[in-house]
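Below is one structure, written out as structure tokens, with a few remarks after it.
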Amino acid sequence: MVPDQTLIERIRKGDSIALKQFFESFYPSVYIFARKYLKDTDIAEDIAQDAFVEFWNRKEQFDDMNAVKGFIYTVTKNKCLNHIKTTNIRQKILRNKLMSDEYFYELVQEEETYRIVHSAVNGLAAKSRNIVLLSMEGYKNKEIAKELDVSVNTVKTLKKNAYKELKEKLKDYVFILFLLNQMLG
Amino acid sequence: MNKMDTIFGNSGLIAKKIAGQLTEQENDLFNQWLNSSKRNQILFERIKDSQNFLSRNEEFESVNTEQAWDNFTRKISAPGKMKTISLILRYAAAILLPLVIGTSIFLYFHNQYPLEEVQVSTIQPGMRNAFLVLNNGQNINLENNEAMALKEADGTVIENANDELNYASQQSSKSKKALQNTLVVPRGGEYSLVLSDGTQVCVNSMSKLVFPVHFTGNTREVSLEGEAYFKVQKDAKHPFVVNINGMQIKVLGTSFNVKAYQDEQNVYTTLVEGAVKISPLGPSDKEWLLNPDQQAVFDKTSVGVEIRDVDASQYIQWALGKYVFTNQSLDEIMKTLSRWYDFTYSFRDESLKAIRFEGGLNKYESIDPILDIISKTGKVKVSVNGKDILFER
């Protein structure tokens, strides 16, 4: 995993490999996020892509990945709401909910969380990934051993390695957190 | 501290919590986040739910990123810059100013708190939340707002999507005897549904609506406790009837609001458009006809009805995301707000109850601005202790 900071610097310089890497890791979240506002999958896809276009057109103005992500989510939300305004949403209540900041923040919170877990877990080797997914689902070591047809001790070892790997992958987020903590403190 | 940075930071925390990778210090931060609001707790429950997590994983995998990348590269190489510039300016404004202005264009109790301020308010707005009781007594929790389709014993399909129950989407059963369902909305909740005839109903906090899964016979009858806003589908041959403890409302095709809480002396029926008839149950056959922008106030004790002229739109604002109070007492205002924001309140001095206020607030936002305004009058001291508000001199 390339640290976010380097990635944004490369994107700003017009590095298309960096851009593609960023797009691939972030686009699914933005699309799923858009779908929380719009039922129509084609329009949601279009809007999510357009939000990346908006970012690309003004990439020089960003020097921080959080700002980029915030921008893309916000643009996506605004485009979705504009689209909703042109269509006739029958339920005013639903409309109000969609327009509230609260809803927007919750969606971003949720999408970002899934994205982080998903990319960290998916970066693991297949065997480790299975074990992590199963234990996230609440399976006990014994059950995992049975499921994967290995001994409980093997599960324990694999689990230990997988978690070590996962910890490494989530390291970046620790950094952000400490930074946050210092700023808040 | 920027709100977005906080959100991204918290996502990292939650992700690590789920992966079981939090250090002690991070765990403290996580708990701080978790305990700062009920919504956060609900959000975390949903994120960590394994079924949900797996389906999210699948959803993630199913996104066609390759195709999207191709479209994206085509878009950035195409001309047409002029159009995007004006858009960019608009979005730029949306980003720079977003949180101070908020969604509130509402004048009276203008939200003065920038949302970036991390406020740990114990009193939170309500949300779409209810449970449905099927004919056989089975309880279905609608809180986690997942789309689903249910089936009643007679084959009627009940859709639940976008926080709305729908009985009208499918060919319903033709059986003569209709099964009864009940929608129960708790404190701090609201929900809406479409009945089998297409009638739309928004049900407010602490309310209960009993209705058949499809209408049979000459009338379309439902029973209500609490508050609901009805938009009745026109059908002159089958009058729509709302039964309330002690009275009936007969409707042809119209929209109106009914407020019939058990802990209130009066039942208020407010007509937005069309026509409705109010008939108290009892020895007298007297009926009252309501015109648009009129309100019938039914006194449950004396069984009397008083008709008055009102601005009906004010009484349905709760169904449109706002609470509006015109010249109401502090006690009445708090009664209404406490159902949605789920708090309790008391007056140290009885005379404070009668102080009248005018104004409103966006119900999906914090209650704080309204409390602030009340205390700024200088007449009332407001103290919030957990989920209890004390008013004193």
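Across every pair of different alpha-carbon atoms, what Kirkwood hydrodynamic radius in Å does the protein assembly as shown reach?
On the way: mean 1/r = 0.0376 Å⁻¹.
That comes to 26.6 Å for the protein assembly as shown.
At most 16 other Cβ atoms within 10 Å and a DSSP loop assignment: could you name the GluC sites (Glu not before Pro) in segment A:75-165 that fit?
Working: sites: A:102, A:106, A:110, A:111, A:112, A:137, A:143, A:147, A:165; in loops: A:137.
Of the GluC sites (Glu not before Pro), the ones in loops of segment A:75-165 whose Cβ has at most 16 other Cβ atoms within 10 Å are A:137.
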Using alpha-carbon coordinates, inclination of helix B:38-48 to the longest axis of chain B, degrees: 60
Residue B:325 long-range amide H proximity, modeled H, under 5 Å: B:359, B:360
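Based on the Kirkwood radius over alpha-carbon pairs, what is the Stokes-Einstein translational diffusion coefficient of segment B:127-315 at 10 °C with 1.306 mPa s viscosity, in µm²/s? Write out the running numbers ahead of the final one.
On the way: Rh = 16.9 Å.
Rounded, D is 94 µm²/s.
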Dipole-positive endmost among B:53, B:21, B:9 within segment B:3-78 (Cβ charges, Cα centre): B:9
Centroid-to-centroid separation of segment B:203-253 and segment B:335-355 [C-alpha atoms, Å]: 30
Cα-projected label distance for residue B:154 with residue B:310, points at 7 Å along beta-carbon direction, nm: 3.4
Inter-label distance, nm, simple model (7 Å from Cα along the C-beta direction), residue B:346/residue A:147: 5.1
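What is the magnitude of the charge dipole of segment B:3-78 about its Cα centre, with +1 placed on the Cβ of each Lys and Arg, -1 on the Cβ of each Asp and Glu, and no other charges, expressed in debye to the nearest 20?
It comes to approximately 300 debye.
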Over chain A: Kirkwood hydrodynamic radius from C-alpha pairwise inverse distances, Å: 18.8
Value of relative contact order over chain B, rounded to a whole percent, pairs C-alpha under 8 Å and six or more apart: 11
Environment charge of residue B:232, counting only residues whose C-beta is closer than 11 Å and scoring Lys/Arg +1, Asp/Glu -1: +1
Residue-averaged [θ]222 nm for chain B, counting only DSSP H segments that reach four residues, each worth -39500 (n - 2.57): -8500 deg cm²/dmol
Using θ = phi - 60° and Karplus 6.51 cos²θ - 1.76 cosθ + 1.60, couplings along segment B:189-200 (whole Hz; Gly, Pro as x): x, 7, 7, 9, 8, 10, 6, 4, 8, x, 5, 9
Among B:280, B:294, B:186 - extreme Cα towards positive end, dipole of segment B:127-315, charges at beta-carbon: B:280
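Find, to one decimal place in angstroms, the Kirkwood hydrodynamic radius of chain B, where the mean of 1/r is taken over every pair of different Cα atoms and then inverted.
On the way: mean 1/r = 0.0412 Å⁻¹.
Over chain B, the inverse of the mean reciprocal pair distance is 24.2 Å.
Remind me, relative contact order of segment B:127-315 in percent, using alpha carbon pairs under 8 angstrom and six or more residues apart?
12
Please give the per residue volume of the convex hull enclosing the alpha carbon atoms of segment B:3-78, rounded to a whole number of Å³.
Residue-normalised Cα hull volume stands at 134 Å³.
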Extension gain, residue B:285 back to residue B:52 (0.36 nm per residue minus Cα-Cα distance, nm): 78.4 nm
Stretchable slack from residue B:382 to residue B:302, in nm (0.36 nm times residue separation minus alpha-carbon distance): 25.2 nm
Debye intensity ratio in log₁₀ form over the Cα atoms of segment B:244-393, taken at each q of 0.10, 0.11, 0.12, 0.13 Å⁻¹: -0.42, -0.50, -0.58, -0.67
Debye intensity ratio in log₁₀ form over the Cα atoms of segment B:321-392, taken at each q of 0.11 Å⁻¹: -0.22
Computed [θ] at 222 nm, deg cm²/dmol, chain A (DSSP H ≥ 4; -39,500 (n - 2.57); rounded to nearest 500): -26500 deg cm²/dmol
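Quick note: the coordinates plus some simple rules give every number you see, no bench work behind them. All values reported here derive from a predicted model rather than from experimental measurement. Positions of Cβ are backbone-derived with ideal geometry, glycine not excepted, and every protein chain shown enters the neighbour counts.
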